[in-house]
Structure formats: structure tokens, C-alpha cells
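Worksheet: the structure to be examined is printed underneath.
Bear in mind these aren't lab numbers, they're just calculated from the coordinates by the rules spelled out. Everything quoted here is computed from the prediction, not taken from an experiment. Cβ placement follows ideal geometry from the backbone for every residue including glycine, while neighbour counts extend to all protein chains displayed.
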């Protein structure tokens, strides 16, 4: 997964972080775009699979370490321990299922909703990943509830993966599409800042090789 050169240089990004830009929620406003029948069918299948979110970790140790580290970082935003672990397990599962970095998804959620499950934007985007309701009609089922944890994350990760595929792995442009601000730097750079400064993590075995 490649990073585009359109992201802000590190010194400017640090200045933005110092101003607290990554701490405020920025609602997603994905634009409706007609999809081919094959793409629509593929996305429908992607959001319909309801496998239990307990797999995906490469080992029991990595599962324990990742959950412990992310739980500690998230505890001020989500104070209920059991709910926090359920949330993190689901983020990890849905992100990996879509071929995404779970820490990137946490960065998206931080910027989009500030980790508020029932967040609603002025344009009607809903939940943790601020999914627009038109996606339910387009690729889901009418009874899908975008405030449901797994449903929201399943849609959000599937949509972001779709945009990454359209943009051939260019995260900057994919994030712009996700937020409905393609070509504008603020949103992609806020997500990158949250991703790298709040949620960046590597397994200990990899860290020890440095």
C-alpha cells in the first residue's frame, strides 16, 4: 500500500498536529457514484459476509500485545473496558479482511467521528466511520443499521478498500474520495497524522530487529 507524495512534509504535519487539527471530528461525505453491476455485486458480497470477528491475528501473542497497546491508547476516549476490546477486535478483523492496516482505520475513525458510535454529520453520515446511508441501498440490505458496530466498520472498510482499488493504492487520493474531498490536502493529512502519531504500532519482534 503506497503513500502518495501529496501528503504534507513532516514539519508541516507536526505543526498541524500542534494546533490540534486531528482531534476534531470531520464527517465523511462520500459522493454517490454509479457502480458497474460487477463492482456492485462484489461490494454487496463484501458487506454481506458475517463471519465472527475473532480471527485475523497471526498469533496469540500479537493479539494480546496489540489489544493491550491499543486499549491503553484508547482508554480516555472509550472508558468501558469490555466495549473497548470488542471495538478493537472488530476494527482489527474488518480492517484485515479488507486488506487495510488496522491502525489506518483507527486514524480514519479518530478524524471522522472522534470514536463516537452514534455520530451523525450534517449530511447524514453515520457511526464510527461516518458511512453515508446511500451505501446501504447501493450495496447492502435495507435492514442494515449503520450505528451497529460491525455493520459500520464492515461498510467503512469495504468502501475505503474500494477507493484504494480505484486509486491503485494511492492512500492520499483514496482518503480524499472517502471524505468527499478529493484533491484537498486537509483530510488526508489529518488521517495520516492520527495514524502515525496516535496509532502507529509494530509487533515487538519486528521492533527488536531495528
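Summary of computed values
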read-out	value
Computed FRET value (nearest 0.05) for residue 76 with residue 143, which takes r as the C-beta separation and R₀ as 30 Å	0.30
Exposure proxy ranking, count of Cβ atoms within 10 Å, fewest first, for 76, 154	76, 154
Potential extension, residue 85-residue 150 segment - 0.36 nm per residue separation minus Cα distance	22.1 nm
